[in-house]
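Throughout, read-outs are computed from the coordinates displayed, never taken from laboratory work. Since the model is a prediction, treat every value here as computed from it, not as a measurement. Using ideal geometry, Cβ is built from the backbone for each residue, glycine included, and neighbour counts are taken over all protein chains shown.
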Amino acid sequence: MAEVNLLRRYPSGKRNVQKRATAKTEEHIRISRQYGKEYFDGAREYGYGGYRYDGRWVAIAEDMIQHWGLKPGMRVLDVGCGKGFLVKDFMKALPGLEAFGLDISEYAMMHCEPEVVGRLHLGSALKLPFPDKSFDAVVCINTIHNLVRPEAVEAVREIERVARDGKAYIQVDSYRTEEERELFLDWVLTAYTHDWPEGWKRIFAEAGYTGDYYWTYVMG
Ligand SMILES: C[S@@+](CC[C@H](N)C(=O)[O-])C[C@H]1O[C@@H](n2cnc3c(N)ncnc32)[C@H](O)[C@@H]1O
């Protein structure tokens, strides 16, 4: 188990935390947690403000392929895959790699990239509909924090179960300073569970997780 940032080549965009904090209401939170059209492709107050493919995940896929030594014919799963951008880019980065995704959002499934049609499963991270050790690597980015703590532990356990040899990567919301924590609280819409890295490490230990992990920080 190692703390390693496999999203280091993800472009860092500035977030207008002040605008989100001022606009945010209980209704925005309720709607964003439905993971429907508003969350992905509605106004920024409800989530992404337009979740569109732009190829940014190719670099991340390349780094993950290298990290685990993945080869054509191997199988990789993205839990909380949204519209399947990373699934698509895994196959772009390594033709012959068998990439799949799972997400709770029917909207995301229905608006996925054409290349991943038939590769995405509608379901919850809480109960992965796959046999033990059925993937050569499993990734889960910015998804586990959308569960309440006991469920987050269960989802981590599920990732560990379906991954082979602890080849997994989980990234979740966290903060390093009180200032980052305040920014996170102003920004957050969907997350139920968030913590300092040490708190997340306790969750990983409770779940018996042996994969890698890193944090998403909100920076102003
Ligand atoms: C912040 S988005 C991350 C999407 C993608 N991994 C990325 O980084 O662009 C969170 C995703 O988690 C999905 N999600 C929320 N709860 C989930 C659950 N219980 N099981 C599976 N997916 C879930 C949402 O539908 C959404 O696609």
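Overview of results
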| item | result |
| --- | --- |
| Computed [θ] at 222 nm, deg cm²/dmol, the chain (DSSP H ≥ 4; -39,500 (n - 2.57); rounded to nearest 500) | -10000 deg cm²/dmol |
| Gap separating the Cα centres of the stretch 173-220 and the stretch 1-34, nearest whole Å | 12 |
| For the stretch 73-96 and the stretch 36-70, distance of Cα centres in Å | 11 |
| Residues of type aspartates and glutamates that Lys201 reaches as a straight line, Cα spacing below 13 Å, ignoring anything fewer than 8 places off in the same chain | Glu3, Asp173, Asp212 |
| Over the stretch 78-203: Kirkwood hydrodynamic radius from C-alpha pairwise inverse distances, Å | 15.3 |
| Per-selection Kirkwood Rh - the stretch 162-220 (Cα, Å, 1 d.p.) | 12.4 |
| Cα-based reach from Lys83 at 21 Å (exclusive), listing lysines while leaving out same-chain residues under 8 positions away | Lys37, Lys92, Lys127 |
| For peptides 16-28, 184-196, 80-92, 98-110, sequence by mean Cβ density within 10 Å, most packed first | 80-92, 98-110, 184-196, 16-28 |
| If the convex hull is drawn through the Cα atoms of the chain, its volume per residue in Å³ | 110 |
| Tensor-based shape of the stretch 32-101 (alpha-carbon gyration tensor, a/c under 1.5 rounded, otherwise prolate or oblate) | prolate |
| Positive dipole terminus of the chain, leading residue within Met64, Val117, His145 (C-beta point charges) | Val117 |
| Computed Kirkwood radius, in angstrom, where 1/r is averaged over Cα pairs of the stretch 86-140 | 12.0 |
| Percent RCO, i.e. relative contact order, over the stretch 15-111, from Cα pairs under 8 Å lying at least 6 residues apart | 24 |
| Choice from Ala59, Ala163, Ala125 showing the highest fluctuation, given a GNM over the chain with Cα pairs closer than 10 Å | Ala59 |
